[in-house]
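Engineer: I'd like to ask some things about the structure below.
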Amino acid sequence: MRSLTKAVTLAALMFAGATTAIAAPVTIKFAHVVAENTPKGQMALKFKELAEQRLPGKVNIEVYPNSQLFGDDKVLEAMLLGDVQLAAPSLSKFQKYTPELQVFDLPFLFKDMDAVDRFQQGPVGQKLLTSLNKRGLLGLGYIHNGMKQMSANKPLRVPADAGGLKFRVMTSDVLVAQFESIDAIPLKKPFSEVFTLLQTKAIDGAENPWSNIYSKKFFEVQDYITETNHGVLDYMVVTSARFWKSLPDNVRTELKGAMDEAIAFGNKVSDEKAMSDRQRIIDSRRSTVIEITEAERQQWVDAMKPVWKQFERKIGKDIIEAAVQANK
Ligand code: LMR
């Protein structure tokens with residue numbers, strides 16, 4: 001009798017153990033490279049809040065900002081290996097996976113962020129979200145940061161001012177071509193190294209949106225920032241197809257809903273930050289913000305626009321044309 005009781009107790013314990021194992025929350029690591037007080041940083045935290053609220057005990061979202069877990073050069077490989085589940089690299093970082101997203105790097109393609117948004121939400125932009133599927137990655141949505149500005153330790157009013165200077169670029173051949181078109185020297189470097197490279201004068205300049213210039217203190221090591229608005233820095237939120245499909249249907253649906261809301265929230269932050277971080281930089285008096293004239297701006301456009309033709313076949317003429325149409 002005593003051994004029967006023991007066996008029943010053991011079976012009960014094993015059952016309880018098995019139940020606990022099944023109910024263990026899914027850990028989702030979200031790695032990114034920027035600070036928390038940026039549109040992407042805020043979006044990631046909002047996603048954590050919403051997902052954990054809506055799926056109590058079922059998911060555990062760990063957000064790693066500031067390249068703490070992976071830089072953008074490693075994060076997609078790590079995702080395919082299952083070491084991280086979510087990331088939102090800038091659209092310039094996908095060249096190794098698909099050429100089409102390079103459309104976003106073409107200089108002076110979008111007149112403002114509304115045009116970028118129209119393109120992303122239109123049929124071509126939505127189709128581009130699937131351009132990574134063949135590589136085992138899923139695009140869950142776009143998130144804005146903003147238009148990029150040029151910075152250096154000398155005033156850049158016209159392209160000739162940038163000639164011979166070394167600029168850090170993201171890992172995109174379009175961005176390399178963009179700087180070569182003005183006789184500058186582009187260097188592909190990870191985001192985590194930009195501050196030190198500028199501080200030590202290993203490079204002369206960079207291109208960044210206001211929130212990155214402010215949150216990473218680039219304005220403290222660059223005397224001038226020219227408001228060129230020459231390109232866009234936006235992101236795609238990605239996950240691994242295998243991980244996403246492994247989730248129970250209800251969990252996947254809730255997570256997608258939370259992500260859509262977090263993205264909408266992040267986009268609002270990006271609108272506000274483009275203005276407020278620009279003003280904070282001006283108020284700091286650490287760097288001079290240069291506004292260029294229409295004629296000076298036209299010189300940048302004329303110098304850089306031939307880059308479109310250079311990449312037309314790679315990216316696809318129809319994709320570029322759809323982006324141009326989004327300006328109307
Ligand atoms: C960069 O490398 O400059 C950007 O991708 C950083 C970011 O994520 O905004």
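Engineer: Going by what's in this entry, would VAL34 be described as within 20 Å of PHE243 (Cα to Cα), of a type outside the set (Phe, Trp, Tyr) and modelled with pLDDT of 95 or more?
Structural biologist: No, not satisfied.
Engineer: In addition: Kindly indicate the residue of the range 177-209 that is of a type in the set (Val, Ile, Thr) and either in contact with a Lys or Arg (Cβ under 7 Å, 6 or more places away or on another chain) or assigned to a loop (DSSP other than H, G, I, E, B) (or both) and also nearest to the ligand (Cβ to nearest atom) among those meeting that condition. Spell out the reasoning first.
Structural biologist: Just the residues of the range 177-209 that are of a type in the set (Val, Ile, Thr), to begin with: 182, 185, 194, 196, 200, 203.
If we keep only those that are either in contact with a Lys or Arg (Cβ under 7 Å, 6 or more places away or on another chain) or assigned to a loop (DSSP other than H, G, I, E, B) (or both) as well, we get 182, 185, 194, 200, 203.
Numbers: ILE182: 19, ILE185: 17, VAL194: 7, THR200: 18, ILE203: 13 Å.
Ranking the candidates gives VAL194 first.
Engineer: Can you tell me which of (1) of a type in the set (D, E, K, R); (2) in contact (Cβ under 8 Å) with a residue 40 or more places away in the chain; (3) farther than 21 Å from VAL59 by Cα; (4) out of contact with any helix residue (DSSP H, G or I) (no Cβ under 7 Å at 6 or more places or on another chain) is the one LYS273 doesn't meet?
Structural biologist: LYS273 satisfies all of (1) of a type in the set (D, E, K, R); (2) in contact (Cβ under 8 Å) with a residue 40 or more places away in the chain; (3) farther than 21 Å from VAL59 by Cα; (4) out of contact with any helix residue (DSSP H, G or I) (no Cβ under 7 Å at 6 or more places or on another chain) except (4).
Engineer: Please state which of the following conditions THR130 fails to meet, knowing it meets all the rest: (1) surrounded by fewer than 18 Cβ atoms within 10 Å (Cβ to Cβ); (2) touching a residue at least 24 places away in the same chain (Cβ under 8 Å).
Structural biologist: (2)
Engineer: Taking the conditions exactly as written (within 16 Å of the ligand (Cβ to nearest atom) and either touching a Gly at 6+ places or on another chain (Cβ under 6 Å) or modelled with pLDDT under 95 (or both)), does PRO107 satisfy them or not?
Structural biologist: Numbers: within 16 Å of the ligand (Cβ to nearest atom): yes; either touching a Gly at 6+ places or on another chain (Cβ under 6 Å) or modelled with pLDDT under 95 (or both): yes.
Here the answer is yes, as PRO107 does meet what is asked.
The values are calculated or read from the model by the stated rules, or taken from the named source; none is laboratory data. Since this is a predicted model, take the numbers as computed values, not measurements. Counting neighbours? That spans all protein chains shown, and the Cβs are built from the backbone with ideal geometry, glycine included.
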